[in-house]
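For reference, the structure is listed below as structure tokens.
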Amino acid sequence: MTFSGGVSFATSTQLLNASALILAGVAAVMLYKRSRKILTVVFTAMLLGAAVIAIRDLGKAGAQIKELKVGAFAAQDPDSDKIFSLSKDKKNVVVIMLDRSIAGQVKFVFDEKPELLEKFMGFTYYPNTLSFGIYTNFASAPAYGGYEYTPMNMNMRSSESLEEKQNEALKVLPELFSEAGWKVTVTDPPYAGYSDVSDLSIFEGMENVDAVSTINGEYLHLLTAEEKAQMEMAKGGEYWRFFMYSVMRAAPVSLQNMIYSRGKYMSLTQFPRAYLNNYAVIENLSSLTEVTGCGSNAGSEGNFIYIYNAMTHEQADLQLPDYEYKAHPVEAGDGISWHSFNAENRYFSLMRSFMCLGEWFDMLRAEGVYDNTRIILVADHGDGRREFDELILDDGYDAEALTPLLMVKDFGSNGDLVTDDTFMTNADVPWMAADGMIADPVNPFTGKALNDVEKYAHDQIVTSSDNNRLENNSGNVYDTGDAAWYSVHDNVWDKDNWTNIGADNAAEK
């Protein structure tokens with residue numbers, strides 16, 4: 001019941017809504033004066049219509065809830081939580097996608113907490129990174145499968161469904177590494193089976209590949225006693241929020257943002273369930289990781305792990321200065337001042353995720369596997385919060401939404417954090433993951449080489465479409481509506497390198 005962009009409406013929309021309400025009120029008064037029977041019929045029809053819509057929506061919600069595994073606080077066997085294996089004597093490649101992490105916010109994380117620099121030693125930060133879409137349905141496939149799966153290239157394969165192409169992209173690296181003898185673990189691959197809750201059956205039959213669901217509450221039992229207590233304290237407000245959500249949806253649009261109140265629905269407590277489901281994984285990576293020698297859990301060549309996590313996608317007010325979840329947060333400390341609540345929450349989540357990752361990196365060092373592990377941190381896309389003037393294009397579009405996180409630590413790298421302004425895209429992740437590990441890697445489904453040649457062959461084409469609902473965008477090509485496409489080259493922070501090439505909607509051809 002939270003909205004990534006908050007709840008806001010244009011002035012014209014508010015005026016139109018107010019006018020409609022006034023006209024409806026006048027009409028109701030006139031009908032009441034002329035014929036109460038007619039008014040009764042009208043109201044009855046409206047109630048029946050609302051009931052039908054409510055039943056439909058409840059059915060959809062029920063179906064989605066059935067797909068989710070609800071996490072519990074019950075004690076579990078610690079050994080059963082070991083879903084990630086890292087080898088001391090073989091290579092490990094780990095990719096972590098932190099959904100909606102913004103490239104430009106990374107420097108502020110290290111400025112505010114310089115103690116994290118020591119934990120992130122060996123990493124290279126690429127602030128000049130481009131995404132191919134502003135939502136996961138457009139932007140995740142390139143980060144899993146490479147340049148063949150950009151929205152423009154997906155549209156060129158118009159005889160195949162988007163579901164087929166998304167599934168294919170998600171399986172490129174698992175197929176490559178498993179065929180090369182690596183043990184593969186994949187968690188929560190986005191839109192697998194073109195479902196909001198990942199359909200892990202797409203990996204069935206793949207040798208040495210484990211596909212695991214982690215972000216639907218499966219690991220809430222690993223939260224600390226204090227965090228569990230805070231959750232229990234906040235749970236009582238869930239019913240209130242459900243009720244107030246209904247009130248908000250029925251209210252005039254000019255009042256909806258007030259009722260929404262930054263996702264709290266006029267409640268004094270916050271219970272960001274989606275955030276906590278994801279946070280439970282990132283906070284407890286050490287508990288979820290086993291380190292092996294030459295044991296049976298190590299593949300003949302090593303371990304490849306691709307983790308998807310939406311902690312940085314979800315909103316939560318965190319208690320400063322330690323960025324902890326509290327049911328009743330009271331801001332304290334000297335946090336960064338952002339222009340908007342949503343930008344602030346994005347930063348809060350990113351900061352906390354980096355703090356958790358830093359603890360995991362320390363564990364990897366202590367266990368002797370940091371040096372023989374390549375780690376790639378990436379986002380599918382950024383988020384447009386108008387925080388950086390350099391990214392406000394001449395047509396007013398905020399390109400911050402197309403600037404995702406990208407950081408890489410290679411084998412044996414232990415120097416100070418390096419900032420590299422080389423032009424990168426998140427479609428570089430697959431070839432970087434395979435580089436030196438797979439000889440002459442090719443896409444196992446298309447036979448084409450897995451590399452970054454296309455990045456230098458022409459300007460990159462990205463979409464600004466917000467048509468991210470799968471039920472509205474699940475054909476053979478992306479329906480981008482009247483949203484603009486942009487061509488981009490060299491430096492995303494130079495607005496002169498962005499060109500609006502218009503709305504070219506493949507779904508209308």
* Being surrounded by fewer than 17 Cβ atoms within 10 Å (Cβ to Cβ) and not in a strand (DSSP E or B) is the filter here, so list the residues in the range 427-443 that pass it. => ASP435, GLY436, ALA439, ASP440
* Does GLY396 qualify as being free of Cβ contacts under 8 Å to residues at least 24 places away in the same chain, more than 21 Å from ASP494 (Cα to Cα) and not in a strand (DSSP E or B)? -> no
* **Every residue from the range 323-335 that is at pLDDT 60 or above, part of a loop (DSSP other than H, G, I, E, B) and either surrounded by 15 or more Cβ atoms within 10 Å (Cβ to Cβ) or within 22 Å of the chain's Cα centre (by Cα) (or both)** => TYR323, LYS326, ALA327, PRO329
* Say whether the condition of being modelled with pLDDT under 70 and surrounded by fewer than 18 Cβ atoms within 10 Å (Cβ to Cβ) is met by at least one residue in the range 273-293. => no
* To do: Sort out which residues of the range 119-131 are hydroxyl-bearing (Ser, Thr, Tyr) and either surrounded by fewer than 16 Cβ atoms within 10 Å (Cβ to Cβ) or part of a loop (DSSP other than H, G, I, E, B) (or both), and write them in order of number.
  => TYR126, SER131
* **Residue that is surrounded by the fewest Cβ atoms within 10 Å (Cβ to Cβ) [pool: residues in the range 79-100 that are farther than 12 Å from VAL378 by Cβ and charged (D, E, K, R)]** => ASP79
* Structure fact -> Pairs returned, first residue in the range 119-135 that is more than 28 Å from SER464 (Cα to Cα), second residue that is at pLDDT 95 or above and aromatic (Phe, Trp, Tyr), beta-carbon separation under 6 angstrom, 6 or more apart or interchain, are LYS119/PHE361
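A quick yes/no check of all residues on (1) at pLDDT 60 or above; (2) in contact with a strand residue (DSSP E or B) (Cβ under 7 Å, 6 or more places away or on another chain); (3) surrounded by 10 or more Cβ atoms within 10 Å (Cβ to Cβ):
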site	(1), (2), (3)
ALA28	yes, no, yes
LYS37	yes, no, no
LEU58	no, no, yes
LYS66	no, no, no
ILE102	yes, no, yes
* Asked: Which ones in the range 399-412 are part of a loop (DSSP other than H, G, I, E, B) and within 14 Å of the chain's Cα centre (by Cα)?
  -> THR403, LEU405
* To do: Keeping to the range 91-118, report how many residues are in a strand (DSSP E or B), under 9 Å from LEU350 (Cβ atoms) and of a type in the set (Val, Ile, Thr).
  => 1
* Asked: Do we find that VAL462 is assigned to a strand (DSSP E or B), touching a strand residue (DSSP E or B) at 6+ places or on another chain (Cβ under 7 Å), surrounded by 17 or more Cβ atoms within 10 Å (Cβ to Cβ) and in contact (Cβ under 8 Å) with a residue 60 or more places away in the chain in this structure?
  -> yes
* Would you check which residues across the range 344-393 are assigned to a loop (DSSP other than H, G, I, E, B), under 15 Å from the mean Cα position of the chain (by Cα), small (Gly, Ala, Ser) and at pLDDT 95 or above and list them? => ALA379, GLY382
* To do: Out of GLU168, GLU148, report the one residue that is more than 30 Å from GLU359 (Cβ to Cβ), assigned to a helix (DSSP H, G or I) and in contact with a Lys or Arg (Cβ under 8 Å, 6 or more places away or on another chain).
  => GLU148
* Meets criteria (surrounded by fewer than 16 Cβ atoms within 10 Å (Cβ to Cβ), within 27 Å of ARG100 (Cβ to Cβ) and at pLDDT 95 or above) for GLY502 -> yes
* So LEU402 clears everything in (1) at pLDDT 95 or above; (2) surrounded by fewer than 21 Cβ atoms within 10 Å (Cβ to Cβ) except one condition, right? Which one? -> (2)
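The values are calculated or read from the model by the stated rules, or taken from the named source; none is laboratory data. Since the structure is predicted, the reported quantities are computational estimates derived from the model, not experimental observations. Quick reminder, even Gly has a Cβ in these numbers, built from the backbone with ideal geometry, and neighbours come from all protein chains shown.
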